[in-house]
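The values are calculated or read from the model by the stated rules, or taken from the named source; none is laboratory data. Here the structure is a predicted model, which means the values were calculated and not measured. A quick note on method: Cβ atoms are made from the backbone with ideal geometry, for glycine too, and the neighbour counts reach across all protein chains shown. The area values use the complete protein model at the heavy-atom level, side chains included, leaving out ligands, DNA and RNA. Shrake-Rupley method; radii C 1.70, N 1.55, O 1.52, S 1.80 Å.
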Amino acid sequence: MPALRILKALDPESAGSPEFRYLLSHLHLEARRAFPDHAVELFENPAELPPGEADTYLLLGPQNVMLCAGSLGAMRERLVGAAAQVRPVRLADAGIALPEPIYTLRGFERVEARYLSGSAGANTTPVPPSHLPATLLTARALRELLDQVPLDRLLRDPQALAAASPGSGAIETAGLCHEFIDYYGEVREDVVPFLPAGVQDVLEVGCGRGVTGAYLQRQLGCRVTGVELHPEVAADAATRLHAVLVGDLQTLDIPERFDAVLGCEIVEHLPEAAAFLARARELIRPGGQIVLSIPNVGHWSVVEDLLAGRWDYLPIGLLCYTHYRFFTQKTLDDWLRRAGWTRFTIHPQTTELPDRFDRLAETGAPLGFALDRLSLSTKGFYAVLEG
């Protein structure tokens, strides 16, 4: 049986992230779908080519990239022709006019299908200048490259082939991939209006690299103490924040008290979320606040996927792989009240609502369907809890 070998450069942060390990397993599954007649093997961080030889190789850099079966199949078709290397185009570089934002895997697949059919409104895209984040290539092409560049560098350095001979065979492009943002590096400027006026000390739970906390320190003149489970990410945050504690909020000894505890996309990941709220309550001063950002499972993109029989996890977003629980505004309100909170407000994070939902409301009403436009257009909630 012919073989496809996937060679992946996995950085320590992604290796320790269940979300991105799930993404890698998804890509492996999609490769098996695109190459059903191949033995598909995955090798993480190979320093040299594994023993034996495959017919085809897929090189993946350290970037957290999503490739689906449709694009992998298109890349395979080009490789069967005259190409020696085939590189997918990143969604961000494809020049596609998106009719609406992509929130779910199905949403990406729909854009991918339009792109592959040539009807996505994209400009003619040149071959990507780098072989990373992904390249499909023949065994011969890979051997020629390894005569010039070590495998470890080939998998990690986007410029590794800048001075190398391309070898025999053409380099072509086919398919679409999506490179995810830095999971630990998003700046959440949107939380500023919900923090108490005159805030001096903030505890940010799940601070990541500390970029949100650093932003708050610059904008509000406050001190931000971060809590982060991942030691390497916490070390990065420590260069930006007033202080960083490594570990689980519920087990850490934290003698200080704070004007605000901030948690962006945290509680849905916790098996004991009520215990987290109780611990956070202990850590705020009288009159302090807990500010949470929580996804809404009632967003139109999730509802529409369910109508199509889909519920697909991703490493980031509304259907993140490590979500333990899911909220609508009512379930969030009920949960907070069950946890003993009586003084809180919930604010929707609204997005656009496609016109087709208005048409659904008109046709569905006589059949007894009820549509909550606000819920459908809400991506998440800010919950502000008063101590």
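For the reader, a short list of remarks on this structure follows.
- Residues in region 103-146 that are under 17 Å from ASP305 (Cβ atoms) and touching a Leu at 6+ places or on another chain (Cβ under 8 Å): TYR103, THR104, LEU105, PHE108, VAL111, GLU112.
This table checks each residue for (1) crowded, with 20+ Cβ neighbours inside 10 Å; (2) hydrophobic (A, V, I, L, M, F, W, C); (3) modelled with pLDDT under 95.
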residue: VAL233; (1), (2), (3): yes, yes, yes
residue: THR239; (1), (2), (3): no, no, no
residue: ASP248; (1), (2), (3): no, no, yes
residue: THR251; (1), (2), (3): no, no, yes
residue: ASP259; (1), (2), (3): yes, no, no
residue: CYS264; (1), (2), (3): yes, yes, no
residue: ALA275; (1), (2), (3): no, yes, yes
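- Residues satisfying the stated conditions in region 224-264, i.e. in a strand (DSSP E or B) and more than 22 Å from TYR382 (Cβ to Cβ): ALA243, VAL244, LEU245, VAL246
- Only listed residue being open to solvent by 40 Å² or more (accessible area, probe 1.4 Å) and over 22 Å from the mean Cα position of the chain (by Cα), chosen from ARG32, ARG21, ARG5: ARG32
- Being out of contact with any Ser or Thr (no Cβ under 8 Å at 6 or more places or on another chain), on the phi > 0 side of the Ramachandran plot and in a loop (DSSP other than H, G, I, E, B) is true of GLY198.
- Residue among ARG78, ARG90 that is in contact (Cβ under 8 Å) with a residue 40 or more places away in the chain, touching a strand residue (DSSP E or B) at 6+ places or on another chain (Cβ under 6 Å) and more than 27 Å from ILE316 (Cβ to Cβ): ARG78
- The residues of region 166-200 that are open to solvent by less than 60 Å² (accessible area, probe 1.4 Å), farther than 22 Å from PHE344 by Cβ and of a type in the set (A, V, I, L, M), listed by number, are ALA170, ILE171, ALA174, LEU176, VAL187.
- LEU59 being touching a residue at least 60 places away in the same chain (Cβ under 8 Å) and more than 17 Å from the chain's Cα centre (by Cα): yes
- Residue check for TYR57: open to solvent by less than 40 Å² (accessible area, probe 1.4 Å) and aromatic (Phe, Trp, Tyr): yes
- Here region 283-342 is the region considered, the condition is being under 17 Å from the mean Cα position of the chain (by Cα) and free of Cβ contacts under 8 Å to residues at least 40 places away in the same chain, and the residue that is surrounded by the most Cβ atoms within 10 Å (Cβ to Cβ) is VAL297.
- Scanning region 151-165 for residues that are touching a residue at least 24 places away in the same chain (Cβ under 8 Å) and either surrounded by fewer than 17 Cβ atoms within 10 Å (Cβ to Cβ) or closer than 20 Å to PRO126 by Cβ (or both) turns up ASP152, ARG156, PRO158, GLN159, ALA160, LEU161.
- Listed by position, the helices (runs of 4 or more DSSP H) contained in region 292-387 that have at least 1 residues being acidic (Asp, Glu) are 300-307, 329-338, 356-364.
- Output for region 4-49, where each listed residue is of a type in the set (Gly, Ala, Ser) and part of a strand (DSSP E or B): ALA39
Conditions tested, residue by residue: (1) basic (Lys, Arg); (2) in contact with a helix residue (DSSP H, G or I) (Cβ under 7 Å, 6 or more places away or on another chain); (3) more than 30 Å from THR104 (Cβ to Cβ).
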site	(1), (2), (3)
PRO158	no, no, no
SER165	no, no, yes
ILE181	no, no, no
VAL202	no, yes, yes
GLY206	no, no, no
CYS222	no, yes, yes
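Every residue, every condition in (1) in a loop (DSSP other than H, G, I, E, B); (2) touching a Cys at 6+ places or on another chain (Cβ under 9 Å), yes or no:
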site: ALA92; (1), (2): no, no
site: PHE108; (1), (2): no, yes
site: GLU112; (1), (2): no, yes
site: PRO126; (1), (2): yes, no
site: LEU142; (1), (2): no, no
site: ALA163; (1), (2): yes, no
site: THR173; (1), (2): no, no
